[in-house]
Amino acid sequence: MASKVLFALFFLFSLEAFGQTLPSSLEIEEVIKAKVSDSTDLILYTPVISKRILTWRQTQLVYGESRQSHPFSIYNKGATVFLDTILTAEDKNYIRLQVDSFSQKEWTIKDIKYISQKDSLEKAILLSLPLFSKNKEYAIINQLSISEGRAVNTFVTLYRKTNGKWVYYRYILGGLF
């Protein structure tokens, strides 16, 4: 645990020394607004967004040196081959730093209609904080759908910043429960 904290602090200071910082609230907000308004995402055709932020689990970010990964990792199977063409080792370290640094528990983005707390137990979509590539050209978002109080599916998608706007780029991973 101590080594993880030291690594995060070292990496954070290194980022600041070279002009690279964690994503700002505005950058995060832009990606989430793009996700919520994305008409190509059939799961969000009738957005029922929960204010609660979906937490990234460490098992989702496991990346082994011998290409071994956890079954629910974003770097698993075909996704690994694809993500390796986009994400560098620096990007993967930057992504881990973001996961370790985020402490926000609820969305506070204006212009998004959230489902009421009472109704969110019946049907809702939870979105994670987006994880950005180091150059902030790509962002990965995890989405969990809840129906009748149970998790029913999860999807991880990749967005790309094109002409100053975030657009859906590719499906990474998903599954039904």
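Read the figures in this text as sums done on the coordinates, not as results from a lab. Since the model is a prediction, treat every value here as computed from it, not as a measurement. Cβ atoms come from the backbone with ideal geometry, glycine included; neighbour counts cover every protein chain shown.
Express in nm, to one decimal, how much length is gained between K136 and L26 on full extension, taking 0.36 nm for each residue of separation and deducting their alpha carbon distance. Please report the intermediate quantities before stating the final value.
Numbers: separation 110, 0.36 × 110 = 39.60 nm, distance 1.25 nm.
So the chain would gain 38.3 nm between K136 and L26.
Residue by residue, the stretch 150-164 carries 3J(HN,Hα) couplings of 10, 5, 10, 7, 9, 9, 10, 10, 10, 10, 10, 7, 10, 6, x Hz when phi is fed to the Karplus relation 6.51 cos²θ - 1.76 cosθ + 1.60 (θ = phi - 60°); x denotes Gly or Pro.
Loop-located trypsin sites (Lys or Arg not before Pro) in the stretch 88-145 (DSSP state not H, G, I, E or B) with no more than 12 neighbouring Cβ atoms inside 10 Å: K105, K110, K113, K118.
For S103 and K123, compute 0.36 nm times the residue count separating them, minus their Cα-Cα distance, and round to one decimal in nm.
Details: separation 20, 0.36 × 20 = 7.20 nm, distance 2.47 nm.
Length gained between S103 and K123: 4.7 nm.
Would you tally the net charge around K161, using a Cβ to Cβ cut-off of less than 15 Å, leaving K161 out, and scoring K and R as +1, D and E as -1? In short, +1.
With respect to the cross-link table entries K33/K105; K92/K165; K92/K123; K113/K134; K92/K113, which display a Cα-Cα separation exceeding 27 Å? Pairs exceeding the cut-off: K92/K123; K113/K134; K92/K113.
Note on I86/T55: beta-carbon distance plugged into 1/(1 + (r/R0)^6) with R0 of 22 Å gives a FRET efficiency of 0.40.
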